[in-house]
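The values are calculated or read from the model by the stated rules, or taken from the named source; none is laboratory data. Note that this is a predicted model, so its numbers are computed, not measured. Cβ: placed from backbone, ideal geometry, glycine included. Neighbour counts: every protein chain shown.
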C-alpha cells in the first residue's frame, strides 16, 4: 500500500468516526427540551462535510486498491464473510449516510429560525437512525480489516 | 510508526483515566449531593464539569482507538480485530454510548443507568488491560451483565447509607 | 427517503441482473460510483421538487422526516438482509 493510499484510508476512517461522534452529540442535544439549534446546525453541517470527505477518500481507495489487492485476500482467508457480507453491506449502506446527514443539517438549520417540537423529535429520530447506520458501518469496517 | 503507536497508546490511556475517573467521581458526587434531596446550582455545575471530563475521555478513547486499529491494519497485524476480548470490549463501549443516550432521553432509570455506566467504564478498562483472555465473547458478556447487577446493588446500598431508603 | 428506497432497489437489482451492473460500470467506470451518482441525482431532484411544491413548513416536515427515518432504516435493513441471504447462499 502506498503512503497516499494509507493517507486515504486514515482520512476515511477518522473522518467517518468523527462524523458519527458529531451525530451522537447532536442527538444528545436534540433530546433536550430547548436545544441550542445554532450549535446543532453548525456541527450537523460539519458532519456532512466529514461524511463527504470520508465518502470521497473511500471511493478512491475502494476503486483503485481494495478490489484488486484486498478483496482477494479476504476471500481466500479464514473469514471470507468479511467481504461477502460485511464489506458488501458496508459499501452500500454507507451510500445512505451522506443523505441522512444532509437532511439532519437542513432540519437543524430550519429549526434555528422556526423552532418546532414535533420537528425536533423527528430530527432526533432521524439522527438516531443515522447514528445507528454509522455505528454499524464502523463496526463492519473493523470486521473487514480483521478479515485481511 | 513506533512513535505514532506510542502516542496513540498514551492518548488511549489518558482517555481511559479521564473516563473511568470521571465516571467514578460522577457517582461519588451525585451520591453526596443528593443525600439531602437538593442539588444546588453549584452542585449541578460540578456534575456538569465531571460529565464534560467523561465525554472528553470518551472522545480521546474513540479517536485513539480507531487510530490504533488503523495502525494494526497498516502493519498487517489484524488478529486482534477478531479476538473475543476485543469484540466484547467494543460491545461494552457500544452499550456505554447507548446507555448515555437512553439516560439523556429519560428512558433509562437513573439507578440502572448509573450501574451500567460505571460497570461499562471499568469493564472496558479491564478488558483493555487484559488484552486477551481464554473466555469466549459470550462468557465475557455474561460476566459483564453479572457485574452490572453487583455494582447496581452496591450503589443502592451506598446511597441508602447516605440517604433514607425511600429517597434512592 | 426516495433516495434510500432507490438505492435499496438499485443495489439488489444490480446484484441479480448482471446487465444492470455492467451498465453502471460502463457508464460510471465502477458500479459503486454509479449507485452513488444516481442517488445524488435523485436526492437533488426530489428535494427541489418538494421545495417547489411547498412541502417544507414545520407541520408537514416533521411527518416527512419521521417517514424518511423509517424508510432509511428499512432500506438499510433490506440491503443488509439481502447480503446476508447472499452469504448464506439463499440468493
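If you scan segment A:133-148, which residues turn out to be under 20 Å from residue C:39 (Cα atoms) and within 13 Å of chain B (Cβ to nearest Cβ)?
Applying the first criterion (under 20 Å from residue C:39 (Cα atoms)) to segment A:133-148 yields A:133-134, A:137.
A:134, A:137 - these are the residues of segment A:133-148 that are under 20 Å from residue C:39 (Cα atoms) and within 13 Å of chain B (Cβ to nearest Cβ).
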**Request:** Go through segment A:29-66 and count every residue that is within 20 Å of residue B:55 (Cβ to Cβ) and facing another protein chain (nearest Cβ under 10 Å).
**Result:** 4
**Prompt:** Listed residues A:130, A:26; which is more than 9 Å from chain C (Cβ to nearest Cβ), buried (at least 23 other Cβ atoms within 10 Å of the Cβ) and either in contact with a strand residue (DSSP E or B) (Cβ under 8 Å, 6 or more places away or on another chain) or under 26 Å from residue B:64 (Cβ atoms) (or both)?
**Reply:** A:26
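Please note which helices (runs of 4 or more DSSP H) are completely contained in segment B:55-167 and include at least 1 residues that are within 11 Å of another protein chain (Cβ to nearest Cβ), farther than 20 Å from residue A:140 by Cα and in contact with a helix residue (DSSP H, G or I) (Cβ under 7 Å, 6 or more places away or on another chain).
Once the helices (runs of 4 or more DSSP H) in segment B:55-167 are filtered for at least 1 residues that are within 11 Å of another protein chain (Cβ to nearest Cβ), farther than 20 Å from residue A:140 by Cα and in contact with a helix residue (DSSP H, G or I) (Cβ under 7 Å, 6 or more places away or on another chain), what remains is B:84-104.
Scanning for something over 20 Å from residue A:136 (Cα atoms) and out of contact with any strand residue (DSSP E or B) (no Cβ under 8 Å at 6 or more places or on another chain), does segment A:93-105 turn up at least one residue?
Taking segment A:93-105 as the starting set, the residues that turn out to be over 20 Å from residue A:136 (Cα atoms) are A:105.
Add one more test, that the residue is out of contact with any strand residue (DSSP E or B) (no Cβ under 8 Å at 6 or more places or on another chain), and what stays is A:105.
Checking segment A:93-105: at least one residue is over 20 Å from residue A:136 (Cα atoms) and out of contact with any strand residue (DSSP E or B) (no Cβ under 8 Å at 6 or more places or on another chain).
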**Prompt:** Among the residues of segment A:6-16, is any within 13 Å of chain B (Cβ to nearest Cβ), within 30 Å of residue B:48 (Cα to Cα), touching a residue at least 40 places away in the same chain (Cβ under 8 Å) and buried (at least 18 other Cβ atoms within 10 Å of the Cβ)?
**Reply:** yes
**Message:** If a residue must be within 7 Å of another protein chain (Cβ to nearest Cβ) and either in contact (Cβ under 8 Å) with a residue 40 or more places away in the chain or under 19 Å from residue A:21 (Cα atoms) (or both), how many such residues does segment A:104-127 contain?
**Reply:** 4
**Asked** Quick one: residue A:135 ticks every box in (1) surrounded by fewer than 20 Cβ atoms within 10 Å (Cβ to Cβ); (2) not in a helix (DSSP H, G or I) bar one, so which box is it?
**Response** (2)
**Selected residue (only one of A:81, A:69 is facing another protein chain (nearest Cβ under 9 Å), surrounded by fewer than 21 Cβ atoms within 10 Å (Cβ to Cβ) and modelled with pLDDT under 85)** = A:81
**Request:** Those residues that are closer than 15 Å to residue B:70 by Cβ and surrounded by 16 or more Cβ atoms within 10 Å (Cβ to Cβ), I need them from segment B:1-28; list them, please.
**Result:** B:8, B:11, B:12
**Message:** Can you tell me which of (1) at pLDDT below 70; (2) within 12 Å of chain A (Cβ to nearest Cβ); (3) crowded, with 16+ Cβ neighbours inside 10 Å is the one residue C:29 doesn't meet?
**Reply:** (3)
